[in-house]
Structure formats: C-alpha cells, structure tokens
1. Taking the conditions exactly as written (out of contact with any strand residue (DSSP E or B) (no Cβ under 7 Å at 6 or more places or on another chain) and over 20 Å from PHE110 (Cα atoms)), does SER29 satisfy them or not?
2. Condition first: among the basic types (Lys, Arg) and either more than 18 Å from ASN174 (Cβ to Cβ) or modelled with pLDDT of 95 or more (or both). Now tell me which residues in the range 117-151 satisfy that.
3. Answer with yes or no whether PHE93 is open to solvent by 20 Å² or more (accessible area, probe 1.4 Å) and under 16 Å from ALA155 (Cβ atoms).
4. Can you go through THR76, THR68, THR124, THR119 and tell me which one is of a type in the set (Val, Ile, Thr), under 19 Å from the mean Cα position of the chain (by Cα) and open to solvent by 40 Å² or more (accessible area, probe 1.4 Å)?
5. Can you pull out every residue in the range 1-55 that is of a type in the set (A, V, I, L, M, F, W, C), surrounded by fewer than 14 Cβ atoms within 10 Å (Cβ to Cβ) and not in a strand (DSSP E or B)?
6. Taking the condition β-branched (Val, Ile, Thr) and crowded, with 19+ Cβ neighbours inside 10 Å, does ILE87 pass?
7. Could you check the range 98-116 and list, in sequence order, the residues that are of a type in the set (S, T, N, Q) and open to solvent by less than 60 Å² (accessible area, probe 1.4 Å)?
8. When both residues are 6+ apart or on different chains and their Cβ atoms are under 6 Å apart, which pairs have a first residue that lies in the range 10-34 and is more than 18 Å from ASP65 (Cβ to Cβ), and a second that is exposed (fewer than 14 other Cβ atoms within 10 Å of the Cβ)?
Amino acid sequence: FFFSEDGLLWFSTAHGLTSFDGSDIVYQSSLEQSNNLGLNKISAMAEDSLHNLYLAGPLGLYYFDRKTKQFFPIITGFPGNKQNAAISFPVLFIDSDGKLFAGSVFHGLFIYDPSNKQTTHYNTDPAKPANWEDGRRNTVISLAVHYTDSTKLWAGTGHGICLFDKKEKRFSQNFEIISDIAHKYNPDFNDRQFIDVC
C-alpha cells in the first residue's frame, strides 16, 4: 500500500496499478499493461513533487504520469548494456533534489535523475564489475536519509547497514560484523553469512 499526498491509497492488483479514494476503486492500467509491464506485482512506489508516481515491479522501473495515465520505462541497464535489465527493486526513495534512489536485489543501487533522464548504477563494492550479482553483498533492501547529513543515505543491505555518500558516489561500512551465536535449530549454521537489514 502507498498513500499519495492527496490521500489516495495505491496498490497492485491483477489489473495492475489501482487507486482507492475511500469509496471507489480505479484501475489505472489496462490488463495488457498490467501483464506487459509487470504492474500486477508492484513492489515499491514513490511520489515526486508533481504528484506522479515511480513504480518498481518484476520487469523494472516505471514512471506513471497521473494526468495522462501513461507509463514510461526507466532504463536500468549497465554500462555497455543498453537493454533494460529485469531487476527487482524492493525500495524506492526520492531525495530533496528530486532524484530517485532505487535499491535492488543482487545489483546494488540505481539513481535516476529526472532532469536529464539518466540512470547511474553503483555496487556496494566499487571494485566489482558493473554487472556484479550478489544476493547478500550487493542487495539494497532499505533506504533512509541520514539525520544530520543530507549528502548521505543509510542503506540496509544483505550484509548489514551501510552509508551511501551522494557526493563521492560510494558505499562505506565502518564497522566489523561479529556474530558467534549458534543458530537455535542448526548449530552448524554460520550467522556471519547473512545479516539482513530491512
């Protein structure tokens, strides 16, 4: 569920993007759009300053213009790959500059700048190649603004909490993860392997 500033409730159904004003349900997409764009499985939404919506689904990112009821794809491929990669995005965040930050499963962070319609991509480990896939180390599950420094974002990953510096365009994790607690049902399970933060 997502509430827009005008009080509408937005969600995903078999018919795609759907809104509810407290009395009427409105299907914002056709069945064809729902199936072709993956709007029947929207995982995250964000609202921009114009009250239009960014949508994340199993087939990528889309921008929904509420006045024209049109959906526009946002390219999320990697350098050298002009294809729109089918990447799952569990979290969307719009900063005070209007840029969209999209945390992905396996593929790090994508930043879309609507002023030039360009998307940039950053792995949690900058030494890795652009197409690096890692479900634990390169998955960004949640995003939150830093309380005292607007140039930084907190990022919950499959390997703990990181900071993303918007100026330096890189992640940092300035602590060591130590967990020697035996798993309740499987003493051989190593808790160091998975440190999910939602």
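The values are calculated or read from the model by the stated rules, or taken from the named source; none is laboratory data. This one's a predicted model, so the numbers in the text were calculated from it and none came from an experiment. Methodologically, a virtual Cβ is constructed for each residue, glycine included, from the backbone with ideal geometry; neighbour enumeration extends over all protein chains shown. The area values use the complete protein model at the heavy-atom level, side chains included, leaving out ligands, DNA and RNA. Shrake-Rupley method; radii C 1.70, N 1.55, O 1.52, S 1.80 Å.
1. So SER29 fails the test.
2. Once the filter is applied, which keeps residues that are among the basic types (Lys, Arg) and either more than 18 Å from ASN174 (Cβ to Cβ) or modelled with pLDDT of 95 or more (or both), the range 117-151 yields LYS117, LYS128, ARG136.
3. Judged against the criteria, PHE93 is a match.
4. Sole residue among the options that is of a type in the set (Val, Ile, Thr), under 19 Å from the mean Cα position of the chain (by Cα) and open to solvent by 40 Å² or more (accessible area, probe 1.4 Å): THR119.
5. PHE1, ALA14, LEU31, LEU50
6. Criteria met by ILE87.
7. SER104
8. PHE11/PHE1
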